[in-house]
Amino acid sequence: MIALGSGGAVKRAFQICVFALAISLFAGAAPRRQKLITFPADFKWGAASSAQQFEGNNNANDYHQWEVKGLIQQPAGIADDFYHRYDSDFALAQSLSHNAFRLSIEWSRIEPVQGQFSAVELEHYRKVLESARAHGLQTFVTLHHFTNPVWAANQGGWSNASMVQWFAEYVAYVVPKLGDLADYWLTINEPNVNVLTSYVAGVTPPGKQDINLAATALANFLKAHAAAYHIIHKSFPRARVGFAHHMRVFEGYAWWNPLDALLADFIDKFWNHQLLDAIKSGRIHLYIPFVISHDENWPELKDTLDFIGVNYYTRDQIQFDLNSPEKFNILVKAGAPVSDMGWEIYPHGIYLSVMTAASYGWPVIITENGLADAADKQRAKFMCDHLTELGNAMEDGADVRGYLAWALLDNWEWINGFGPRFGLVEVDYATLNRYVRPSAQVYTQIIQSGSLAACE
Ligand code: BGC
């Protein structure tokens, strides 16, 4: 028994405090494991794709325009020839026990010339979606995954306010004709990444480096999302509409440097929160001190999500650096596990991202998660660890409805071409033959058991 006030008691209390601190530090460092989680029976399990990266021969969009100009490392060309092989690819997904598949509609196929819509291409996508359904796959249909028709890009693309109307016209054409085959809609894929690479870093079309254009484009994406949400719900009141939000974890590089932490916090607010805040409130307030300030009310944006799609890959360490043009560097800590692309493998980040997304009150679906791993040495553990963290988020109250791996097949990457291997299924680009990787079989066991027993 501890007698208050005695010297021994103080010493003992001190020891208890140190012990408790050690335990809490340890607990913080090592996220808890919860291997026996059981995922709900109606959980969506599957993989994702996008038109430009899978279909092949998308020759009427801005990426192709860049390829023709020699601005892209390796042209997408025929890609995985998914345009013709979708049926056997869906059979493959079905054989792996997937029950869902994410694909995108290529706007430049549907509307290759402004105002001229292709009934033939629309019919093609009907067949694709019918085939997915016939193979037991619920469909996640993305309406915009990075590419734009050349005619739209030539008029300024997303920095032109008219893009919102143009996108709405395309959506209004597509939705009534495909809506009966779409189980979930994703209006736009990763507006933040799209704007970063296209209007800040300038490494994807239109290759601008202009922060004002970037803010305008981001606001236009939000307005386009709102327009699409209402168009879809007008035709299909019970539709489930979301967008795919790229979420990352940002951390100060040096624990002792408050400037690193402060910057990481600004970037986190901007990157992870501000699009969600805008959709929750109907106020588009894009703000980074001294960099971006865009403030506008857009009431029709308010509450335009039925679920939030979370794309999660990695964590960034932020280092304040007066000598760099951006005044900070993005680093990976020495010794951290990384993928073939050098991205840190940080499973706890999916927990943090999902908890953030869920805190807005929307159901969450993981619409992309994966890594480049040509040797397939890390993928099974990557999935097990990320799904463990996802289970932890669910246990902590997040309403998570599904998990789609990026990607079903190896595919063409926007900047790096065919080098990175993200597929559960390997593609031999010489023959286009598909080979199921061992990690895909682990994923199948997880799906079949609804548990992580296969990860033991
Ligand atoms: C994109 C995918 C891409 C993946 C890996 C995501 O940001 O939506 O299209 O392939 O990252 O780079």
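Laboratory data are not the source of any read-out in this text; all were calculated from the coordinates shown. It should be emphasised that the depicted structure is a prediction, and the values quoted were computed from it without experimental measurement. Quick reminder, even Gly has a Cβ in these numbers, built from the backbone with ideal geometry, and neighbours come from all protein chains shown.
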Legend entry - DSSP-defined antiparallel bridges as percent of all bridges, the stretch 309-423, nearest 5: 50
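Kyte-Doolittle mean at least -0.5 and Cα extent at least 27 Å along the axis: which DSSP H helices of the chain qualify? Please list the in-between numbers first.
Numbers: long enough: 7-29 (33 Å, 1.43); 211-235 (36 Å, 0.60).
Length and hydropathy pass: 7-29, 211-235.
For the chain, what is the percent of antiparallel DSSP beta bridges, rounded to the nearest 5? Please report the intermediate quantities before stating the final value.
Working: 19 of 53 bridges.
Restricted to the chain, the bridges split so that about 35 percent are antiparallel.
First select every other residue whose beta carbon is under 10 angstrom from the beta carbon of ARG401; then total the charges, Lys and Arg +1, Asp and Glu -1. Before the final figure, lay out the partial values.
Values: positive: LYS44, ARG240; negative: ASP42, ASP399.
Residues near ARG401 contribute 0 overall.
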Legend entry - Evaluated at q = 0.24, 0.31 Å⁻¹: base-10 log I(q)/I(0), Debye formula over Cα of the stretch 73-113: -0.96, -1.09
Inset, instruction - Take each of the peptides 130-137, 374-381, average the number of other beta-carbon atoms within 10 Å over its residues, and list them starting from the highest. - result: 130-137, 374-381
Legend entry - Of all DSSP beta bridges in the stretch 40-198, antiparallel share, percent nearest 5: 15
Legend entry - Charge dipole magnitude, Cβ of K and R +1, D and E -1 - the stretch 238-333, Cα centre, debye nearest 20: 300
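With a cut-off of 8 Å between alpha carbons and a minimum separation of six or more residues, what is the relative contact order of the chain in percent? Spell out each step's value before the answer.
Details: 892 pairs, mean separation 77.0, N = 456.
Reported as a whole number, the value is 17 percent.
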Inset, instruction - Report the convex hull volume per residue for the stretch 212-257, counting only C-alpha atoms, in Å³. - result: 102
Legend entry - Overall Cα dimensions of the stretch 201-341 - principal axes, largest extent first, Å: 52, 32, 30
Inset, instruction - Using amide H atoms built 1.01 Å from N in the peptide plane, name the residues 5+ places from LEU452, or on other chains, whose amide H lies under 5 Å from its own. - result: ILE37
Inset, instruction - Could you give me the radius of gyration and the Dmax of the chain, taking only the C-alpha atoms into account and expressing both in angstrom? - result: 23.0, 87
Inset, instruction - Before rounding to the nearest 500, sum -39500 (n - 2.57) across all DSSP H runs of length at least 4 in the chain and divide by the residue total; then give [θ] at 222 nm in deg cm²/dmol. - result: -12000 deg cm²/dmol
